[in-house]
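Following: one structure in structure tokens, then a few remarks.
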Amino acid sequence: AQSVAQPEDQVNVAEGNPLTVKCTYSVSGNPYLFWYVQYPNRGLQFLLKYITGDNLVKGSYGFEAEFNKSQTSFHLKKPSALVSDSALYFCAVRGPTSGTYKYIFGTGTRLKVLA
Amino acid sequence: EAEVAQSPRYKITEKSQAVAFWCDPISGHATLYWYRQILGQGPELLVQFQDESVVDDSQLPKDRFSAERLKGVDSTLKIQPAELGDSAMYLCASSLESGISYEQYFGPGTRLTVT
């Protein structure tokens, strides 16, 4: 069965410091992995994805994520956090097989960047 | 930039009443999703369409919820009768689901309050 875990409910980081939001997954075969961000009272916005290729993927707003197959992880990172990055972040996993996959979202991690 | 449209943005209804939500996906996106999101939690898939066909409705409470996408474009989600526990954000998303484009694009959501 597919699953995705975000072990931290909240991450606090000082502005200007690097940030990491953790995600681990379980899926049969090669996964498709995604990060989404949700600002207050808004829908989710797509940040970045890993489908195939280079394990380090870059996305919107300076975010990047590294796919690690051996550790089944896809952690979200940013070299220098901004106060405006404060939001709810969701990791999602999708199995690769069309017609038999499920798109599963994690429980979310609230990122708080302190000025 | 193309967006997923949803209406209404907010809905207050009394329990036992009927309520309906509408979604218009990004043009050309064959896959459409309806999610329910409790505040601070991850989205829960209710139903997934591929064109006009239901791909997955395993989490849809079929005794009171129904969804349709008659012409494979816009979609309606209905609840009848509404219960207090249905109060949540209802999100619609669409995706291309081809090539490397598997990310979902979300609408602003409909916040439902059942009194």
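Every number here is computed from the coordinates shown, using simple stated rules; none is lab data. All figures in this text were calculated on a predicted structure; none of them were measured in a lab. Every residue, glycine as well, gets a Cβ built from its backbone with ideal geometry; the counts of neighbours run over all protein chains shown.
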- Task: Would you mind counting up the charge near A:LEU33? Only other residues with Cβ under 15 Å from its Cβ, with Lys and Arg at +1 and Asp and Glu at -1.
- Result: +3
- So which GluC sites (Glu not before Pro) in region B:1-102 end up in coil per DSSP with only 15 or fewer other C-beta atoms within 10 Å? B:GLU1, B:GLU3, B:GLU14, B:GLU52, B:GLU83
- Give A:LYS112/B:LYS11; B:LYS15/B:LYS62; A:LYS77/A:LYS112; A:LYS49/A:LYS69; A:LYS102/B:LYS62 a once-over and call out the pairs whose C-alpha atoms are over 21 Å from each other. A:LYS112/B:LYS11
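Using the reciprocal of the averaged 1/r over all distinct C-alpha pairs, how large is the Kirkwood radius of chain B in Å?
14.1 Å
In percent, what relative contact order does chain A have, based on Cα pairs under 8 Å that are 6 or more apart in sequence?
Numbers: 288 pairs, mean separation 42.7, N = 115.
Contact order relative to length: 37 percent.
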- Task: Please provide three numbers in whole Å: the alpha-carbon extents of region B:1-62 along the principal axes, with the largest listed first.
- Result: 36, 29, 25
- Query: What residues have an amide H closer than 5 Å to that of A:LYS102, excluding those fewer than 5 places away on the same chain, when H is modeled at 1.01 Å from N in the peptide plane?
  - Reply: A:GLY95
- Message: Can you tell me the length gained on complete extension of the stretch B:ALA18 to B:GLN80, counting 0.36 nm per residue apart and subtracting the Cα distance?
- Response: 21.9 nm
- Query: In Å and whole numbers, how far do the C-alpha atoms of region A:1-85 stretch along each principal axis, longest first?
  - Reply: 37, 27, 20
- A student asked for the Cα radius of gyration and Dmax of the protein assembly as shown in angstrom ought to give 17.7, 52
- Query: Can you give the net charge of the other residues whose Cβ lies under 12 Å from the Cβ of A:ILE104, counting K and R as +1 and D and E as -1?
  - Reply: 0
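Could you tally the net charge around A:ALA81, taking each other residue with its Cβ under 14 Å from the Cβ of A:ALA81, Lys/Arg +1 and Asp/Glu -1? Numbers along the way, then the final one.
On the way: positive: A:LYS77, A:LYS78, A:ARG110, A:LYS112; negative: A:GLU15, A:GLU64, A:ASP85.
Every neighbour counted, the sum reads +1.
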- For region B:71-88, Karplus-derived ³J(HN,Hα) couplings (6.51, -1.76, 1.60; θ = phi - 60°; whole Hz; x for glycine and proline) come out as 10, x, 10, 7, 9, 10, 10, 10, 10, 7, x, 6, 10, 4, x, 7, 4, 4
- Please return the longest stretch of chain B lacking exposed loop sites, where trypsin sites (Lys or Arg not before Pro) count only if DSSP places them in a loop and at most 16 other Cβ atoms lie within 10 Å. B:16-61
